[in-house]
1. Can LYS110 be described as out of contact with any strand residue (DSSP E or B) (no Cβ under 7 Å at 6 or more places or on another chain) and within 19 Å of LEU65 (Cβ to Cβ)?
2. Could you list all residues from segment 72-84 that are exposed (fewer than 15 other Cβ atoms within 10 Å of the Cβ) and in contact with a strand residue (DSSP E or B) (Cβ under 6 Å, 6 or more places away or on another chain)?
3. Test THR87 against the criterion of being of a type in the set (S, T, N, Q), without any contact (Cβ under 8 Å) to a residue 60 or more places away in the chain, surrounded by 13 or more Cβ atoms within 10 Å (Cβ to Cβ) and over 16 Å from GLN10 (Cα atoms), and give yes or no.
4. If I go through segment 2-29 residue by residue, how many of them are within 16 Å of the chain's Cα centre (by Cα) and either under 25 Å from GLU106 (Cα atoms) or part of a helix (DSSP H, G or I) (or both)?
5. Please specify each residue of segment 122-150 satisfying the condition of being at pLDDT 90 or above and either surrounded by 10 or more Cβ atoms within 10 Å (Cβ to Cβ) or of a type in the set (Gly, Ala, Ser) (or both).
6. Please pick out the residue among LYS56, LYS42 that is under 27 Å from CYS108 (Cα atoms), touching a helix residue (DSSP H, G or I) at 6+ places or on another chain (Cβ under 9 Å) and at pLDDT 95 or above.
7. Go over the candidates TRP64, TRP107 one by one and state the one that is assigned to a helix (DSSP H, G or I) and either out of contact with any Ser or Thr (no Cβ under 6 Å at 6 or more places or on another chain) or at pLDDT 95 or above (or both).
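The values are calculated or read from the model by the stated rules, or taken from the named source; none is laboratory data. Values in this document were obtained by computation on a predicted structure and should not be read as measured data. Cβ atoms come from the backbone with ideal geometry, glycine included; neighbour counts cover every protein chain shown.
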Amino acid sequence: MKDLPILVHQRRAMWRDLGARDQRDLDRADKVYARWARSRMKSGTLMGWIAEDGGKILGGGCVWLQPVQPRPGYNLMIQPYLLSMYTEPRSRGLGVASGIVLKALEWCRKNRFLQLRLHASEMGRKVYIKHGFERTWEMRRRIKKLSEDS
C-alpha cells in the first residue's frame with residue numbers, strides 16, 4: 001500500500017505519454033484508479049512492483065487477477081493481466097520494463113497461471129515480444145465518446 005502513490009503517479013504519466021492531456025480528466029482518473037487499486041491490493045487481486053536504484057524510482061507495473069468466464073482448456077475464473085507498466089524517462093533503455101515483466105512472469109509461474117495477458121502500447125511492444133508475448137486478435141467499438149460521459 002505504501003507504493004500506491006508511486007503507482008498512481010506512474011499510471012498518470014503513462015496516460016500522458018499515450019496522449020491524454022486534459023488535466024481534469026487525469027485528476028479524476030488518478031482518484032478513481034487509487035480507489036480501484038487500493039481495494040484490489042487489500043483483496044490480494046492486484047500486485048505491484050516498483051523498480052528502484054538507491055531510493056530513486058525507475059519504473060513499475062502491476063498484475064491484476066482479472067475475473068473471466070471459464071472456457072475450454074481454462075477452468076479458472078481469473079487470469080493475470082499486466083497493466084500500468086511505466087518507466088521514468090531518465091531510466092528508459094536500461095531494462096527496467098524487462099525487469100518488471102520478468103518479475104510478473106515469475107509470479108505467474110509460481111502461482112501456476114498458464115498465461116499472462118496485456119494490452120501493449122507501440123512503445124512497449126518490443127519489450128513484450130522480447131519476452132515471448134504474442135499479438136492476439138481483439139476488437140472494440142466505442143459506444144459513446146468520453147466527452148459525452150461528463
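1. Numbers: out of contact with any strand residue (DSSP E or B) (no Cβ under 7 Å at 6 or more places or on another chain): yes; within 19 Å of LEU65 (Cβ to Cβ): yes.
When the stated conditions are applied, LYS110 passes them.
2. So the first thing to find is which residues in segment 72-84 are exposed (fewer than 15 other Cβ atoms within 10 Å of the Cβ), and the list is 72-78.
ILE78, the sole residue that qualifies.
3. Details: of a type in the set (S, T, N, Q): yes; without any contact (Cβ under 8 Å) to a residue 60 or more places away in the chain: yes; surrounded by 13 or more Cβ atoms within 10 Å (Cβ to Cβ): yes; over 16 Å from GLN10 (Cα atoms): no.
No: the conditions fail for THR87.
4. Narrowing segment 2-29 to residues within 16 Å of the chain's Cα centre (by Cα): 3-18, 29.
If we keep only those that are either under 25 Å from GLU106 (Cα atoms) or part of a helix (DSSP H, G or I) (or both) too, we end up with 3-17, 29.
Selection size over segment 2-29: 16.
5. Selection gives GLY124, ARG125, LYS126, VAL127, TYR128, ILE129, LYS130, HIS131, GLY132, PHE133.
6. Values: LYS42 fails: touching a helix residue (DSSP H, G or I) at 6+ places or on another chain (Cβ under 9 Å).
Within the list LYS56, LYS42, the selection yields LYS56.
7. On the way: TRP64 fails: assigned to a helix (DSSP H, G or I).
It is TRP107.
Yes/no per residue for (1) surrounded by fewer than 17 Cβ atoms within 10 Å (Cβ to Cβ); (2) of a type in the set (A, V, I, L, M, F, W, C); (3) closer than 25 Å to GLY132 by Cβ:
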| site | (1), (2), (3) |
| --- | --- |
| SER43 | yes, no, no |
| LEU58 | no, yes, yes |
| GLY61 | no, no, yes |
| PRO70 | yes, no, yes |
| ARG92 | yes, no, yes |
| ILE100 | no, yes, yes |
| TRP107 | yes, yes, yes |
